[in-house]
Amino acid sequence: MRGFLLALLLTLSAPAAADDVDMLLGAWISPDGVTKCDYVREFDGSWVTTRMWFKVDEEWELVAKGAMYQRPGENLWRMVGRSKDMGGIVLFESTFEFLGDGKVKLVNTAFNADGTTRIAEEDWLVTADEIAYDIFDIEAGERVPLFSGKWLRM
């Protein structure tokens, strides 16, 4: 019984195994230096906190905070985040599907203060120093290019 309890405690206290989400961990900034974000493992490693800031009058303002997690048995990560001062968006719900070779597909639902929603998809290519992304609006089931950008590792 004592051996079982020790094994159980070691299992519960061990950090989560490395997985695809690890490529996102750390701090990132836009090339123009006006937006930054970070991804940090928390709790037992199975929870990743997310934060985003906009530079306003030379000061960093926190505009979004959330968390990523996996449901048991799923291969994708889910994210929920609250936001403010983001063009009326107050809540994001997203999925991150890691496709291999640094490719990540996101599906985002943005919930606006007025009760409307907007669905978008993002294609990311993650390297050690950069996240390049393309964002698409979903209109009538079709992907319509919205914009592209990059995050650079800080």
Exactly one of Leu125, Leu152 is among the hydrophobic types (A, V, I, L, M, F, W, C), touching a Ser or Thr at 6+ places or on another chain (Cβ under 8 Å) and closer than 15 Å to Met23 by Cα, and that one is Leu152
From the option list Leu125, Leu146, Leu152, single residue qualifying as open to solvent by 30 Å² or more (accessible area, probe 1.4 Å), assigned to a strand (DSSP E or B) and in contact (Cβ under 8 Å) with a residue 60 or more places away in the chain is Leu152
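The values are calculated or read from the model by the stated rules, or taken from the named source; none is laboratory data. Just so it is clear, the structure is predicted and the values come from calculations on it, not from any experiment. Please note: Cβ atoms are built from the backbone with ideal geometry, for glycine as well, and neighbour counts cover all protein chains shown. Surface areas here come from the heavy atoms of the whole protein model, side chains and all, with no ligands, DNA or RNA. Shrake-Rupley method; radii C 1.70, N 1.55, O 1.52, S 1.80 Å.
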